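What follows is a single structure, written as structure tokens, with notes after it.
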Amino acid sequence: MTQMSTPPMSLTMSYEPMIEKLMQHYTSSRYMSEVEAAKGDFFERAGTFDEASHDFELKMAQFTDWYLFTRKMDSSGRAGIEMVLDDPNYAIPEEERPLYLNMRNSRHSLFEFTKLKGDDVYIRDLFTGFKYVIRHSRLTQGFSKDEYFEARLIPHDGSFVFSNAFTFHPAVISKFVLKEVKRVNKLPEEEQAQAREELLARLFKMKHKHEQYRHLDIHQIYSNESKLRL
């Protein structure tokens, strides 16, 4: 995967300032036990990392995205983005409230890149088949039609924007990914949402185990019979 390019911020909307503010709030001292538990869980999936790691920024983006949008707080049973809308300790300016609602209504899924038209990125959700257009995307390079990827889409002004967290899966295991997606889609509808998140988490772990165990055949890792207990 090639390095993604980022056009000037003035061309598009960025939710990063609000995400950074959320992260500061939900990693403050009052949430220290949540942070420690979350780090342990995430490190087990992705391995430890520090500022000297070549993938430090990527893993920080992945941790932030998972911690705020997906992980349920032990104290409330809700994700940070769900809690913040009625959190008395977090001030949301009235004009920004619709943006927080957009983040709460984000779509976390596996996607297939279909085409790039100017700075508009066209993708398809593997679970639903629904097609999205990320208009004036900050990220336009690094996508491949052969690599499925995990991402989060935030609705905005009739279109969508990417969060900063991506996980690209090698093209060679695309058949395995599609097989698992079809398995999830065959489940009863009321079970699919949780099963999708579980599959995304398992594929995320497989990707990082592959990076850790490069000496193993990738099909031994992206497998339902993996000896690595994935």
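One table, with the values for the structure above:
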{"read-out": "Single residue of THR140, THR128 found to be over 21 Å from SER14 (Cβ atoms) and among the hydroxyl-bearing types (Ser, Thr, Tyr)", "value": "THR128"}
{"read-out": "Test: ARG97 is surrounded by 14 or more Cβ atoms within 10 Å (Cβ to Cβ) and either at positive phi or among the charged types (D, E, K, R) (or both)", "value": "no"}
{"read-out": "Residue list for the range 164-210, filter: crowded, with 16+ Cβ neighbours inside 10 Å, polar (S, T, N, Q) and in contact with a Phe, Trp or Tyr (Cβ under 7 Å, 6 or more places away or on another chain)", "value": "THR167, SER174"}
{"read-out": "The one condition in (1) at pLDDT 85 or above; (2) more than 15 Å from the chain's Cα centre (by Cα); (3) of a type outside the set (Ser, Thr, Tyr) that PRO8 fails to fulfil", "value": "(1)"}
{"read-out": "Pairs where the first residue, in the range 168-192, is within 30 Å of GLN141 (Cβ to Cβ) and the second is of a type in the set (D, E, K, R) and assigned to a loop (DSSP other than H, G, I, E, B), C-beta under 6 Å, 6+ apart", "value": "PHE168/GLU147; ALA171/ASP146; ALA171/GLU147"}
{"read-out": "Qualifying residue in the range 178-201 (condition: more than 24 Å from ASP119 (Cα to Cα), of a type in the set (Asp, Glu) and in contact with a strand residue (DSSP E or B) (Cβ under 8 Å, 6 or more places away or on another chain))", "value": "yes"}
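This table checks each residue for (1) under 18 Å from SER226 (Cβ atoms); (2) under 12 Å from the mean Cα position of the chain (by Cα).
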position: ASP146; (1), (2): no, no
position: ILE154; (1), (2): no, yes
position: GLY158; (1), (2): no, no
position: SER163; (1), (2): no, yes
position: PRO170; (1), (2): yes, no
position: PHE176; (1), (2): yes, no
position: GLU189; (1), (2): no, no
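The values are calculated or read from the model by the stated rules, or taken from the named source; none is laboratory data. If you're wondering where the values come from, they're calculated on a predicted model, not measured in any experiment. All Cβ positions, glycine included, derive from the backbone under ideal geometry; neighbour counts span all protein chains shown.
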